[in-house]
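The values are calculated or read from the model by the stated rules, or taken from the named source; none is laboratory data. It should be emphasised that the depicted structure is a prediction, and the values quoted were computed from it without experimental measurement. Counting neighbours? That spans all protein chains shown, and the Cβs are built from the backbone with ideal geometry, glycine included.
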Amino acid sequence: MIRALVVLLALWPAAAPAQELSRDFGPDTAPETLLLRSTTDLAVLGPVVEAFLDTRPGLRVAFEQWGSNPLYRLQSEDCAAGRAGADLVISSAVHQMVDLVNEGCARPYRSALTAALPDALSWRDELWGVTREPAVMVYNRERVAPAQVPRSRFDLLDLLRPTESPFRGRVATYDIERSGLGFLFAFADSMEASTFGGLMESFGRSGAVATCCSAEIIDGVAEGRYLVAYNVLGSYALARARRDERLGVVAPEDYTLMLSRAAMIPRVAGNPRAAAQFVDFLLSPEGRQALEAALLIVRLEAEDGAALDRTAETPERPIPLSPALLIALDAHKRALFGARWRDAFPAAGGTAP
Amino acid sequence: MAETPAPPVRTLSLKSRVALAVGAVLLLGGVVVLAVALAYGRQAAREAYDRLLVGAASDIAASMSVRDGAVVVDMPVSAFQMLALAPEDRIRYRVIGPDGATLTGSDAAPLPPEREGVGPVFYDGDLGAEPGRYVAVTRRFAERGFSGPVRVLLGQTTRARAALARDIAQGALAVLAAAGVVIGLFAWLATRSALRPLQRLGGALAERDPTDLTPLALPMPSEIAPMLGALNGFMGRLDRQLAASRNLIGDAAHQLRTPVAAIRAQAQLAQDECDPEARARILGRIHERSVGLSRLLDRMLDRALIIHRTDTAPRAALDLRDVALEVFEEVDAAAIAPGARVRLDLPPGPLVVRGDALSLTEAGKNLLANALAHGRAPIRLGVAREGGRARLFVRDAGPGPSEAVLSGLGARFTSGAPGGSGLGLAIAREVAESHGGALLLGRSGDGFEAALALPRAGAA
């Protein structure tokens, strides 16, 4: 309990601002409004919202960009109070979304498009995985020789093993205590493969750096402060790599985690019809095209080339929208996982006891 | 132009009746099977998913350990993967320490009912807005730093259970429907095959020559055989009546032609006769012949009537002594044989036969009249029991007719004596036979006896 509280306190500074950004799309005079709360950057998801509004005149979309933890807290409160807040919630913290659905906070919706989703990407007709974003490794092309570029987690382990390795202290990943997404990727890794234990140990021994936020990590790699970043969200990494020649992106060939941001219509939504239409749009061919243009859907085989390195047989492991993700929210599990993490990254965050 | 007979009133066909009966049985069976299948499905689904639930809860209980004097739950993924076998169901769990405080999980999970068992406790409870099924598993710790029971509460919504119960019931219903189709098909085939003899019978009747009234000889199942028997009996009666009519006409033609011709000839003679005395004699003969002719006509009509009655009159139980009395009273003995006396010989108790009183009386009168006309006094009219039969007899003291005459007696127009029409015994014989009995003629002790031997009612 105490540890959970500490984790919560550690999250508190990030939770303080209610919402990070907000913007309205569509005509002010529109008779209907859809309140969309999302963890996705406004700049990234905005064009997709505009594409949706092209097909749906007479609708205004009020877009609020949130941090995943405040969003989760807000939705839980709205649900408990029966308060009409967001009409649609899209979050990358899918374990939190699974928990919201598990608590009965979502409204079911079924259409031909939602029914066509694979089982792993929908739950109870209340939660749908709308994006496909790989967790990738980013490296600095100028400082990492092509022969040294890690293709898999095993390669990364090998790079970190020698005591005089130039990679020591120059590998970065998310600080799971500050990044919900980082925690999710680390947790999914721990469920996926035993490699992760070794990797964490290796990170610890080699003095790897745990830090917050995709932008900071990618900046660090571009500037050469880090040589390799592990488990970076592919959409951000690819967007940066297209503009910045210094950055290289690898989809690990042992397996590549695929995150599907989850969309849910809250049970007390004020405009569930428009929300359902938006969900259908996101799952429709036009919507998928818009998401692909926004790099929220990354098709590994299509991206292969200048920006992304992968081999043909890279297995994709989607993070399934299933109740098993509830474990990621379990207080004891988080405390245990966090303790292991702190053993590997004793310097991270500085708030660890 | 013959009137077309009204079409027979059609009632519900046998096939429809069988279809209705089979349908009703299937419907009733279907309702029962559905209820049973639903109950069984619910039970089976409950047991299957309860096992899953307790497996997952035990998994969680096993993952608990004591560290630094506190229980730590390293929540196992396998438990949740097990629960994900009900993929659409929500989950709620809660681990409670000895002091009742929630160690981890949701405070909203309801506590089990107050029944502290050793094994897992299953109970129903709400899971948010949906009904849920919970299990409580207790693990006891007794370690240096920590001791006491730790309870794991684990619940799941019931969608998968309901779906499984529905699947099982649907499976049972599908089997029932298939069985229903098969049963229906067999019922239809069975009815068709059962009704085929009736069609054959109808066909055989339709193909028959209209004048052919001989019995139908068709192999028939035992249920239909009585109907065929009745039909054959009916045709037999029809045949006898037709024959009787034919006989009447034939007899009339044959018997009446000669006397009428004789009377005509006598009348011709009388016309031509001038001598009043001779004419009177001829007229006397004409009268005599006319009387004979009228008696003959009476007999013939009587016989036709009796034969008609024997086939058509309803058979009633009657006391043969009443018949004998009736005969005794109706025969004017003095008119036939002046001076003759008839003695009645009746037993004290009733002697019951089934028959037509009028026909039997007529036959008895014929026998008595014969005895009076041809026999020798004393004459006895009586009734006697003889085993399973009852006899209505007329006895006289005479020797009876000769052996040669006796053998021909009873056939039509075979008179044993001059002046007899030859119909009396024939009528008596036909009445006796139509009642299932016989006409017995023969010497008896010191005289001659004619008797109607009839089966007694009640004597098998």
Conditions (1) among the charged types (D, E, K, R); (2) more than 18 Å from A:ALA335 (Cα to Cα); (3) surrounded by fewer than 21 Cβ atoms within 10 Å (Cβ to Cβ): number failed by B:ASP89 = (3)
Would a scan of the stretch B:194-207 turn up a residue that is surrounded by 14 or more Cβ atoms within 10 Å (Cβ to Cβ) and in a loop (DSSP other than H, G, I, E, B)?
-> no
Could you say which residue among B:ALA61, B:ALA21 is among the small types (Gly, Ala, Ser) and either within 23 Å of A:CYS105 (Cα to Cα) or crowded, with 19+ Cβ neighbours inside 10 Å (or both)?
-> B:ALA61
Report, by residue number, each residue of the stretch A:73-104 that is within 15 Å of A:LEU35 (Cα to Cα) and among the β-branched types (Val, Ile, Thr).
-> A:VAL89, A:ILE90
Exception for A:LEU159 within (1) farther than 22 Å from A:LYS333 by Cβ; (2) aliphatic (A, V, I, L, M); (3) crowded, with 24+ Cβ neighbours inside 10 Å falls at (3)
Scanning the stretch A:241-259 residue by residue, those touching a residue at least 60 places away in the same chain (Cβ under 8 Å), touching a helix residue (DSSP H, G or I) at 6+ places or on another chain (Cβ under 8 Å) and not hydroxyl-bearing (Ser, Thr, Tyr) turn out to be A:ARG246, A:LEU247, A:GLY248, A:VAL249, A:ALA251, A:PRO252, A:ASP254, A:LEU257, A:LEU259
Considering (1) surrounded by 14 or more Cβ atoms within 10 Å (Cβ to Cβ); (2) at pLDDT below 90, say which one B:GLY117 fails and leave the rest.
-> (1)
In the stretch A:196-227, what residues are outside any helix (DSSP H, G or I) and of a type in the set (D, E, K, R)?
-> A:ARG225
Across the stretch A:61-89, the tally of residues that are part of a helix (DSSP H, G or I) and either touching a Pro at 6+ places or on another chain (Cβ under 7 Å) or within 14 Å of another protein chain (Cβ to nearest Cβ) (or both) stands at 5
How many residues are part of a helix (DSSP H, G or I) and either assigned by TED's automatic domain parsing to the domain that holds A:GLU292 or more than 24 Å from the chain's Cα centre (by Cα) (or both) if we restrict to the stretch A:116-154?
-> 6
Among (1) within 20 Å of B:ALA136 (Cβ to Cβ); (2) of a type in the set (Lys, Arg); (3) surrounded by fewer than 19 Cβ atoms within 10 Å (Cβ to Cβ), the one test that B:ARG67 misses = (1)
Quick one: how many residues across the stretch A:167-183 are modelled with pLDDT of 85 or more and farther than 23 Å from A:GLU316 by Cα?
-> 6
Residue check: is B:SER294 surrounded by fewer than 15 Cβ atoms within 10 Å (Cβ to Cβ) and in contact (Cβ under 8 Å) with a residue 24 or more places away in the chain?
-> no
Quick one: in the stretch A:90-108, of everything that is touching a helix residue (DSSP H, G or I) at 6+ places or on another chain (Cβ under 6 Å) and away from chain B (no Cβ under 14 Å), which residue is farthest from A:PHE183 (Cα to Cα)?
-> A:SER91
Counting only residues in the stretch B:130-179 that are over 60 Å from the mean Cα position of the chain (by Cα) and outside any strand (DSSP E or B), the one farthest from B:GLY97 (Cα to Cα) is identified as B:ARG144
Kindly indicate which of A:SER111, A:SER122 is farther than 29 Å from A:LEU199 by Cβ and more than 14 Å from chain B (Cβ to nearest Cβ).
-> A:SER111
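This table checks each residue for (1) farther than 30 Å from B:LEU185 by Cα; (2) of a type in the set (Gly, Ala, Ser); (3) at pLDDT 85 or above; (4) surrounded by fewer than 18 Cβ atoms within 10 Å (Cβ to Cβ).
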residue: B:LEU14; (1), (2), (3), (4): no, no, no, yes
residue: B:GLY41; (1), (2), (3), (4): no, yes, yes, no
residue: B:LEU53; (1), (2), (3), (4): yes, no, yes, no
residue: B:MET75; (1), (2), (3), (4): yes, no, yes, no
Wholly within the stretch A:228-293, helices (runs of 4 or more DSSP H) carrying at least 2 residues that are of a type in the set (Lys, Arg) and surrounded by fewer than 23 Cβ atoms within 10 Å (Cβ to Cβ) | A:234-243
Mind checking whether some residue in the stretch B:223-240 is over 30 Å from B:ALA426 (Cα atoms) and among the basic types (Lys, Arg)?
-> no
Identify, from the list B:ALA390, B:ALA384, the residue that is surrounded by 24 or more Cβ atoms within 10 Å (Cβ to Cβ), assigned to a strand (DSSP E or B) and not basic (Lys, Arg).
-> B:ALA390
Among what's in the stretch A:184-194 and is within 13 Å of another protein chain (Cβ to nearest Cβ) and assigned to a helix (DSSP H, G or I), pick the residue that is modelled with the lowest pLDDT.
-> A:GLU192
Of the numbered conditions (1) surrounded by fewer than 19 Cβ atoms within 10 Å (Cβ to Cβ); (2) at pLDDT 90 or above, A:GLY129 satisfies every one except a single condition; which is it?
-> (1)
Quick one: in the stretch A:25-80, which of the residues that are hydroxyl-bearing (Ser, Thr, Tyr) and in contact with a Ser or Thr (Cβ under 6 Å, 6 or more places away or on another chain) is farthest from A:SER260 (Cα to Cα)?
-> A:SER68
Applying the selection to the stretch B:155-169, what residues are crowded, with 19+ Cβ neighbours inside 10 Å and small (Gly, Ala, Ser)?
-> B:GLY155, B:ALA160, B:ALA165, B:ALA169
Which residue pairs have Cβ atoms closer than 6 Å, lie 6 or more positions apart in sequence or on different chains, and pair a first residue in the stretch B:329-341 that is at negative phi with a second residue that is surrounded by 11 or more Cβ atoms within 10 Å (Cβ to Cβ) and β-branched (Val, Ile, Thr)?
-> B:ALA333/B:VAL342
Among B:ARG281, B:ARG240, B:ARG257, B:ARG246, the single one that is part of a helix (DSSP H, G or I), over 26 Å from B:HIS308 (Cα atoms) and not small (Gly, Ala, Ser) is B:ARG281
Can you find even one residue in the stretch B:303-314 that is at pLDDT 80 or above, among the hydroxyl-bearing types (Ser, Thr, Tyr) and either surrounded by fewer than 13 Cβ atoms within 10 Å (Cβ to Cβ) or not assigned by TED's automatic domain parsing to the domain that holds B:ALA432 (or both)?
-> no
If you go through the stretch B:124-154, how many residues are within 14 Å of chain A (Cβ to nearest Cβ), surrounded by fewer than 15 Cβ atoms within 10 Å (Cβ to Cβ) and of a type in the set (Gly, Ala, Ser)?
-> 1
Mind listing whichever residues of the stretch A:162-183 are of a type in the set (Phe, Trp, Tyr) and either surrounded by fewer than 22 Cβ atoms within 10 Å (Cβ to Cβ) or part of a loop (DSSP other than H, G, I, E, B) (or both)?
-> A:PHE167
